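Presented below is the structure to which this report refers.
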Amino acid sequence: MTAVEKKIIIENVNMLDLLGFNDSNLKILEDRFNASITVRGDNVIIKGVSEEVELIEKLLKEMAYVLNTSGRLGTNDVNTILELTVEGKEIVEEGELDAIVLYTKKDVIKARTPGQINYINHARKNDICFAIGPAGTGKTYLAVAIAVSALKRGLVKKLILARPAVEAGESLGFLPGDFREKIDPYLRPLYDALDDMIPSEKLKNYIEKRIIEIVPLAYMRGRTLNNAYVILDEAQNATTMQMKMFLTRLGGSSKSIVTGDITQIDLPSKQVSGLVQAKEILSKVEGVAFVYFDKSDVVRHKLVKDIIDAYEKFSNNKNENS
């Protein structure tokens, strides 16, 4: 095979962090490939067979992406990137970097269905994105990952995560503890998502400094949120007035994701869901996107798809017979 030489420029990255302590990250690539890699400033010259040269270029770009996204790049991260791209565990195909939302110490959080890729793209392009669909489609988890990524990259200064405290078959009054302890179960899914994405001590520090806030929706009233990523989860249980209140909290340089499942509304029967109304009012507003999921986007246990399908059939048969 004919050897080729290619010069690439790595922009907007601290090269010392990219290469690692004593060039430890670079040495992993040098040990793995026969091609030579020479670094001069932000220029990288790669000499070798064309297949290796192209692969090394791709790896360096992915390493730079990880560094910019997470703020760090250790040897474990480099080995993980190698496994993803070379060893075939979950090969990152050309263009699949767009589907990656966040790198954590445990995993790579990325879109796993076409619907999720569409969701991520709309959330990136629009200041307000509504994600509507059944349970298990990754609406909340990806929303939190998108917001955490924006925080790590310095695009926003704080995260606000809110949920309506609506009783779904249980009464708050009968739960033990003070109000904070009563409300905690409603907010727990948001804590669980954050626990997967941010080390516990760092997360605790963020919460203490109010860089990250997890609050009942009612606590949003009267606030103006600048330089923030704001998430409203379980939005089908927000009233029309609560939805309007939430959407008008956004200040300068802020973005928002609103998630919900309009088949699981727990509001009293006479109350209209703010999420249902928002679909009618905001569908043509520029800068506001609506993304819809179906059972093909479910990424939980395989039975979840079957359960959703069974409930849909039951509901359709009931409507036909009524």
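In the chain, with Lys and Arg counted as +1 and Asp and Glu as -1 at Cβ, which of these residues, 49, 156, 9, has the Cα nearest the positive end of the dipole, that is, farthest along it?
156
If you roll a 1.4 angstrom probe over the protein chains with everything in place, what fraction of the accessible area of the chain belongs to carbon and sulfur, to the nearest %?
Numbers: 8690 of 17530 Å².
Answer for the chain: carbon and sulfur cover 50 percent of the accessible area.
Beyond a 21 Å Cα-Cα separation, which of these cross-linked pairs lie in this structure: 139/302; 110/295; 58/139; 139/305; 244/279; 152/244? Please report the intermediate quantities before stating the final value.
Working: 139/302 17 Å; 110/295 18 Å; 58/139 30 Å; 139/305 15 Å; 244/279 12 Å; 152/244 29 Å.
Those over the limit are 58/139; 152/244.
Quantify how much of the Cα-Cα distance distribution of the stretch 221-270 extends past 15 Å, in percent.
Details: 586 of 1225 pairs.
Summing the P(r) of the stretch 221-270 above 15 Å gives 48 percent of all pairs.
Return P(r) of the stretch 195-322 (all Cα-Cα pairs; 5 Å bins starting at 0; whole %; ordered from short to long distances).
The calculated distribution, bin by bin, is 2, 8, 14, 17, 18, 16, 13, 8, 3, 1, 1, 0.
Hey, how much of the P(r) for the stretch 248-322 falls beyond 17 Å, as a percent of Cα pairs?
On the way: 1766 of 2775 pairs.
When every Cα pair of the stretch 248-322 is considered, 64 percent fall beyond 17 Å.
Could you quote the convex hull projected area for the stretch 190-262, Cα atoms only and averaged over all directions, in nm²?
Working: hull surface 21.2 nm².
Taking the Cα atoms of the stretch 190-262, their convex hull projects to 5.3 nm² on average.
May I ask you to derive the FRET efficiency for residue 47 and residue 307 from their Cβ-Cβ distance with R0 = 56 Å, giving the value to the nearest 0.05?
Values: r = 56 Å, r/R0 = 0.99.
Efficiency, from the Cβ-Cβ distance: 0.50.
Just by accessible area at a 1.4 angstrom probe, what is the order of 292, 103 from largest to smallest? Don't skip to the answer; put the middle values down first.
On the way: 292 120, 103 20 Å².
So, going from the largest accessible area down, we get 292, 103.
Suppose all protein chains stay in the model; what accessible area per residue would a 1.4 Å probe give for the chain, in Å²?
Details: 17530 Å² over 322 residues.
Per residue, the chain has an accessible area of 54 Å².
In what sequence, largest accessible area first, do 234, 312, 51, 57 appear using a 1.4 Å probe? Write out the running numbers ahead of the final one.
On the way: 234 60, 312 80, 51 105, 57 30 Å².
Largest accessible area first, the list is 51, 312, 234, 57.
Suppose R0 equals 25 Å. What FRET efficiency, 1/(1 + (r/R0)^6) with r the Cβ-Cβ distance, do residue 263 and residue 153 give to the nearest 0.05? Kindly include the intermediate steps, with their values, before the conclusion.
On the way: r = 35 Å, r/R0 = 1.38.
For residue 263 and residue 153, the calculated efficiency is 0.15.
Just reorder 303, 190 by solvent-accessible area, largest first, 1.4 Å probe, all chains present.
303, 190
When the C-alpha atoms of the chain are aligned to their principal axes, what extent does each axis show, in angstrom, from largest down?
Projected onto the principal axes, the Cα atoms of the chain cover 73, 48, 40 Å.
The values are calculated or read from the model by the stated rules, or taken from the named source; none is laboratory data. From a predicted model like this one, the values you see are computed outputs, not experimental measurements. Backbone-built Cβ (ideal geometry, glycine too); neighbour counts: all protein chains shown. Side chains are part of the model used for accessible areas, which takes the heavy atoms of the whole protein and leaves out ligands, DNA and RNA. Shrake-Rupley method; radii C 1.70, N 1.55, O 1.52, S 1.80 Å.
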